[in-house]
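Q: A single structure is presented below for examination.
The values are calculated or read from the model by the stated rules, or taken from the named source; none is laboratory data. The shown structure was predicted, so the numbers you read here are calculated from the model rather than taken from an experiment. Cβ atoms come from the backbone with ideal geometry, glycine included; neighbour counts cover every protein chain shown. For accessibility, only protein heavy atoms count, side chains too; no ligands or nucleic acids. Shrake-Rupley method; radii C 1.70, N 1.55, O 1.52, S 1.80 Å.
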Amino acid sequence: MIIIDKVFEVYPDNVSSELIAHTRHVTSVSPEGLAKAAMLDVDPDFHNKLENGKIMVAGNNFGCNSSREWAASALLHSGVKLLIAQSFARIFFRNATNIGLLIFECPNITKMAHPGDELIVDLSTGIITNKSTGKTIQGTVMPQFLLNIMTSGGLLETLKNS
Amino acid sequence: MNITEKILAKGAGLDKVVPDQIIDVAVDYAFTHEKLGPVFFDKFRDMGLTIWDKSRAIIFADHGNPPSRVMDADLIVKTAKFAEDFDLNFYNGEGICHQLMPEKGYVSPGRIVVGTDSHTTTYGAFGAFSTGFGSTEMAWIFAKGRIWMKVPRSLLFRVSGKLGSCVMGKDLALHIMKLIGSEGASYKAMEFTGSAISALELDGRMTLCNMAVEAGAKNGIIEADEKVIEYIKNRAILDYEIVKSDPDAVYERIFDIDGDALPPIVSLPGSSANSVPVTETAGVPITRALLGTCTNGRMEDFREAAKILKGRKVHPKVRLQVIPASRSIFSQCIEEGITQTFLESGVIWCNPNCGPCAGGHYGLLGKGEVCISTSNRNMTGRMGDSTAEIYLASPATVAASAITGKITDPREFI
Ligand code: SF4
């Protein structure tokens with residue numbers, strides 16, 4: 001699977017899943033309710049920035065702390081097409097895969113991708129090409145069964161078909 | 001192999017596993033609660049799924065119970081309905097999942113327990129493998145009783161000596177957080193051993209394993225001993241096996257900690273890895289204090305705090321909220337006179353539940369408030385307004401600070 005889109009923002013290390021969708025902001029767990037709460041504590045301008053591109057980039061340990069699946073859902077329902085981080089916290093990684101939010105791990109991505117850059121991301125080979133700068137970088141290739149879960153809409157879709 | 005690897009190998013029906021191997025594991029118990037279960041309940045029904053073994057799937061209403069918002073009340077209604085429809089054991093308002101899982105006998109050494117809550121790591125204190133999953137994945141587990149996992153690499157923490165007076169499992173946990181950082185154990189197992197660990201009561205061991213996830217760990221684990229057997233012998237539903245690490249077990253890194261030298265530790269607002277000895281932050285004025293949660297809402301915690309609070313008053317500017325982790329702890333506190341001691345010193349005593357720990361309800365922090373808490377997380381906005389500040393500490397330090405109205409070394413009261 002190949003994703004071509006623009007980076008809308010590069011976020012720092014240790015963005016906690018609590019802050020991605022804080023209880024204070026979640027007044028409904030519907031897709032719209034979660035989308036509205038997305039990233040409010042980290043970046044109040046998040047939704048505006050999403051107009052400029054659909055690839056979100058972040059540093060290390062993205063989604064740390066809480067196990068709340070809300071965090072991944074909030075990003076998915078906000079329209080994030082692909083989330084690339086240098087590393088993910090374990091439960092966030094599983095949650096995102098399981099709900100069909102496309103995520104991708106790539107050490108050093110924050111050094112080579114900037115807001116506005118257009119990226120070509122090949123999820124099967126793990127190669128990211130930055131069209132704007134011409135640079136390429138190798139990300140971590142996911143095991144095929146995980147890639148299948150993620151790209152076929154999540155775990156429950158897989159369960160339905162099994 | 002080490003303890004974690006041995007338990008996972010058995011769960012996967014294999015003789016041997018190695019770190020990074022992806023395996024399919026049968027779980028012994030799985031649970032969810034009212035905050036994260038409703039995320040998958042409807043889908044579970046719509047897809048016509050059934051529970052793999054209804055004696056093995058547990059449901060709690062513990063995070064915001066009794067609820068303060070209609071939305072939270074609805075979540076409990078939904079949760080109760082799911083438990084009823086699928087005929088599952090349901091604990092509604094009896095306490096926090098991480099306390100009730102062992103109390104009700106769902107945890108035994110050598111077993112695999114999973115839950116939709118990150119602090120499921122707590123049961124490593126009983127020599128079990130336990131870890132948290134997200135909601136959607138729990139739908140899969142509830143249906144199949146199995147889940148894929150990657151065998152974690154392991155870190156070994158050898159703690160020598162014995163913790164001093166007023167120094168608790170919490171102080172050790174906060175010290176380790178500082179040592180390795182908030183992603184220092186990402187995806188890894190944290191195994192704790194040494195004389196200071198053996199000397200810890202189970203309550204303190206639970207605190208330690210509870211906080212393993214704050215360093216990003218998949219699980220925390222301690223070899224089971226007689227204290228564990230004593231606790232589970234009249235509780236555990238399934239039989240148990242004491243699993244020990246082999247002498248040649250492989251660890252990615254080994255840390256040696258001198259338990260005798262450890263002072264009380266406090267984490268500064270922002271991250272539990274931001275820890276310093278209490279003496280370095282003593283004197284910071286506080287207005288709120290929380291004694292409870294799945295990290296420190298147990299008997300040892302209340303006994304330590306009661307020693308300090310006995311015959312003393314909570315500072316007039318401080319609200320000290322006490323929340324036992326379960327109903328049986330509540331009743332034990334009454335029996336031992338601890339409840340009376342606390343009430344006389346002016347605490348607010350609450351029913352067993354998570355309280356304001358995750359910022360859901362019940363004692364939230366307002367703008368600019370400063371709280372010292374026995375919970376496990378202190379990032380911005382965790383317990384209320386994003387300008388409020390949270391310091392993390394042991395029950396002893398929280399009790400001492402509640403009396404003086406500023407962060408205080410509990411050793412001053414002994
Ligand atoms: S007490 Fe706090 S950390 Fe523990 S389960 Fe409840 S909300 Fe989570």
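Q: Collect the residues in region B:127-147 that are touching a residue at least 40 places away in the same chain (Cβ under 8 Å) and over 17 Å from B:ALA217 (Cα atoms), keeping them in residue-number order.
A: B:SER135, B:THR136, B:MET138, B:ALA139, B:ILE141, B:PHE142, B:ALA143, B:LYS144, B:GLY145, B:ARG146, B:ILE147
Q: A further question on this structure: Test B:THR387 against the criterion of being in contact with a helix residue (DSSP H, G or I) (Cβ under 9 Å, 6 or more places away or on another chain), of a type in the set (Ser, Thr, Tyr), touching a residue at least 12 places away in the same chain (Cβ under 8 Å) and more than 24 Å from B:ASN210 (Cα to Cα), and give yes or no. Steps first, answer last, please.
A: Details: in contact with a helix residue (DSSP H, G or I) (Cβ under 9 Å, 6 or more places away or on another chain): no; of a type in the set (Ser, Thr, Tyr): yes; touching a residue at least 12 places away in the same chain (Cβ under 8 Å): yes; more than 24 Å from B:ASN210 (Cα to Cα): yes.
Spelling it out, it is not the case that B:THR387 is in contact with a helix residue (DSSP H, G or I) (Cβ under 9 Å, 6 or more places away or on another chain), of a type in the set (Ser, Thr, Tyr), touching a residue at least 12 places away in the same chain (Cβ under 8 Å) and more than 24 Å from B:ASN210 (Cα to Cα).
Q: Please enumerate the residues belonging to region B:12-59 that are away from chain A (no Cβ under 14 Å), within 23 Å of the chain's Cα centre (by Cα) and among the hydrophobic types (A, V, I, L, M, F, W, C).
A: Once the filter is applied, which keeps residues that are away from chain A (no Cβ under 14 Å), within 23 Å of the chain's Cα centre (by Cα) and among the hydrophobic types (A, V, I, L, M, F, W, C), region B:12-59 yields B:VAL27, B:ALA57, B:ILE58, B:ILE59.
Q: On to the next question. For region A:43-52, check the following and say yes or no: at least one residue is under 17 Å from B:GLY37 (Cα atoms) and within 13 Å of the chain's Cα centre (by Cα).
A: no
Q: Please enumerate the residues belonging to region B:281-317 that are more than 16 Å from the ligand (Cβ to nearest atom), in a helix (DSSP H, G or I) and open to solvent by less than 50 Å² (accessible area, probe 1.4 Å).
A: As a first pass, look at region B:281-317 and keep what is more than 16 Å from the ligand (Cβ to nearest atom): B:281-287, B:299-300, B:303-317.
Now drop any that are not in a helix (DSSP H, G or I), which leaves B:281, B:299-300, B:303-309.
Within region B:281-317, B:THR281, B:MET299, B:GLU300, B:GLU304, B:ALA305, B:ALA306, B:ILE308, B:LEU309 qualify.
Q: Sticking with this one: Looking at region A:129-156 only, could you name the residues that are surrounded by 15 or more Cβ atoms within 10 Å (Cβ to Cβ) and within 14 Å of chain B (Cβ to nearest Cβ)?
A: Matches in region A:129-156: A:VAL141, A:MET142, A:LEU146, A:LEU147, A:ILE149, A:MET150, A:GLY154, A:LEU155, A:LEU156.
Q: Another one. Within region B:367-388, which residues are in a loop (DSSP other than H, G, I, E, B), away from the ligand (no atom under 13 Å from the Cβ) and open to solvent by less than 10 Å² (accessible area, probe 1.4 Å)?
A: B:GLY381 - this is the single residue of region B:367-388 that is in a loop (DSSP other than H, G, I, E, B), away from the ligand (no atom under 13 Å from the Cβ) and open to solvent by less than 10 Å² (accessible area, probe 1.4 Å).
Q: Somewhere in region B:373-392, is a residue away from every other protein chain (no Cβ under 14 Å), of a type in the set (A, V, I, L, M, F, W, C) and out of contact with any Cys (no Cβ under 6 Å at 6 or more places or on another chain)?
A: No; the residues of region B:373-392 include none that is away from every other protein chain (no Cβ under 14 Å), of a type in the set (A, V, I, L, M, F, W, C) and out of contact with any Cys (no Cβ under 6 Å at 6 or more places or on another chain).
Q: Give the residues of region B:339-366 that are in a helix (DSSP H, G or I), open to solvent by less than 20 Å² (accessible area, probe 1.4 Å) and either among the aliphatic types (A, V, I, L, M) or closer than 22 Å to B:ASP72 by Cα (or both), sorted by residue number.
A: Here is the first cut: in region B:339-366, the ones in a helix (DSSP H, G or I) are B:339-345, B:355-358.
When the remaining residues are screened for being open to solvent by less than 20 Å² (accessible area, probe 1.4 Å), the result is B:339, B:341-342, B:345, B:355-357.
Scanning region B:339-366 gives B:GLY355, B:PRO356, B:CYS357.
Q: Give the residues of region B:173-199 that are in a strand (DSSP E or B) and surrounded by 24 or more Cβ atoms within 10 Å (Cβ to Cβ), sorted by residue number.
A: B:ALA189, B:MET190, B:GLU191, B:PHE192
Q: Still on this model: Looking at region B:195-212, can you tell me whether even one residue there is more than 30 Å from B:TYR362 (Cβ to Cβ) and basic (Lys, Arg)?
A: no
Q: Residues in region B:390-414 that are open to solvent by 30 Å² or more (accessible area, probe 1.4 Å) and either out of contact with any strand residue (DSSP E or B) (no Cβ under 7 Å at 6 or more places or on another chain) or free of Cβ contacts under 8 Å to residues at least 60 places away in the same chain (or both): how many?
A: Count: 5.
Q: Across region B:249-280, which residue is nearest to the ligand (Cβ to nearest atom) among those that are surrounded by 19 or more Cβ atoms within 10 Å (Cβ to Cβ) and in a helix (DSSP H, G or I)?
A: Among them, the one singled out is B:VAL278.
Q: With the requirement that a residue be within 14 Å of another protein chain (Cβ to nearest Cβ), touching a Gly at 6+ places or on another chain (Cβ under 8 Å), small (Gly, Ala, Ser) and more than 22 Å from B:ILE7 (Cβ to Cβ), what does region B:156-200 give you?
A: Selection gives B:SER182, B:GLY184.
Q: Of the residues in region B:352-372, how many are within 11 Å of chain A (Cβ to nearest Cβ) and without any contact (Cβ under 8 Å) to a residue 24 or more places away in the chain?
A: 1
Yes/no matrix, rows are residues, columns are (1) surrounded by 24 or more Cβ atoms within 10 Å (Cβ to Cβ); (2) more than 16 Å from the ligand (Cβ to nearest atom); (3) more than 12 Å from chain B (Cβ to nearest Cβ):
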| position | (1), (2), (3) |
| --- | --- |
| A:VAL26 | no, no, no |
| A:MET39 | yes, yes, yes |
| A:ILE55 | yes, yes, yes |
| A:ASN60 | no, yes, no |
| A:TRP70 | yes, no, no |
| A:HIS77 | no, yes, yes |
| A:ALA89 | yes, no, no |
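Q: Taking only region B:56-71 into account, find how many residues are touching a residue at least 24 places away in the same chain (Cβ under 8 Å) and surrounded by fewer than 20 Cβ atoms within 10 Å (Cβ to Cβ).
A: Count: 3.
Q: Can you tell me which condition B:THR116 does not meet? The list is (1) in contact with a His (Cβ under 8 Å, 6 or more places away or on another chain); (2) farther than 22 Å from A:ARG68 by Cβ; (3) of a type outside the set (D, E, K, R), and all the others hold.
A: If we test B:THR116 against (1) in contact with a His (Cβ under 8 Å, 6 or more places away or on another chain); (2) farther than 22 Å from A:ARG68 by Cβ; (3) of a type outside the set (D, E, K, R), just (2) comes out false.
Residue-by-condition table, conditions (1) under 17 Å from B:ILE232 (Cα atoms); (2) more than 15 Å from the ligand (Cβ to nearest atom); (3) in contact with a Ser or Thr (Cβ under 9 Å, 6 or more places away or on another chain):
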{"position": "B:GLY115", "(1), (2), (3)": "no, no, yes"}
{"position": "B:LYS144", "(1), (2), (3)": "no, yes, no"}
{"position": "B:TRP148", "(1), (2), (3)": "no, yes, no"}
{"position": "B:LEU156", "(1), (2), (3)": "no, yes, yes"}
{"position": "B:CYS166", "(1), (2), (3)": "no, yes, yes"}
{"position": "B:MET177", "(1), (2), (3)": "no, no, yes"}
{"position": "B:ILE180", "(1), (2), (3)": "no, yes, no"}
{"position": "B:SER186", "(1), (2), (3)": "no, yes, yes"}
{"position": "B:ASP203", "(1), (2), (3)": "yes, no, no"}
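Q: Select from region B:265-303 the residues that are more than 22 Å from the chain's Cα centre (by Cα) and on the phi > 0 side of the Ramachandran plot and list them in ascending order.
A: B:GLY283 - this is the single residue of region B:265-303 that is more than 22 Å from the chain's Cα centre (by Cα) and on the phi > 0 side of the Ramachandran plot.
Q: Also, I was wondering about something else. Quick one: in region B:125-165, of everything that is in a loop (DSSP other than H, G, I, E, B) and open to solvent by less than 10 Å² (accessible area, probe 1.4 Å), which residue is farthest from B:PHE192 (Cα to Cα)?
A: The extreme case among them is B:GLY145.
Q: For region B:232-289, name all the residues that are of a type in the set (Ser, Thr, Tyr) and under 29 Å from A:SER66 (Cα atoms).
A: B:TYR251, B:SER267, B:SER271, B:SER272, B:SER275, B:THR281, B:THR287
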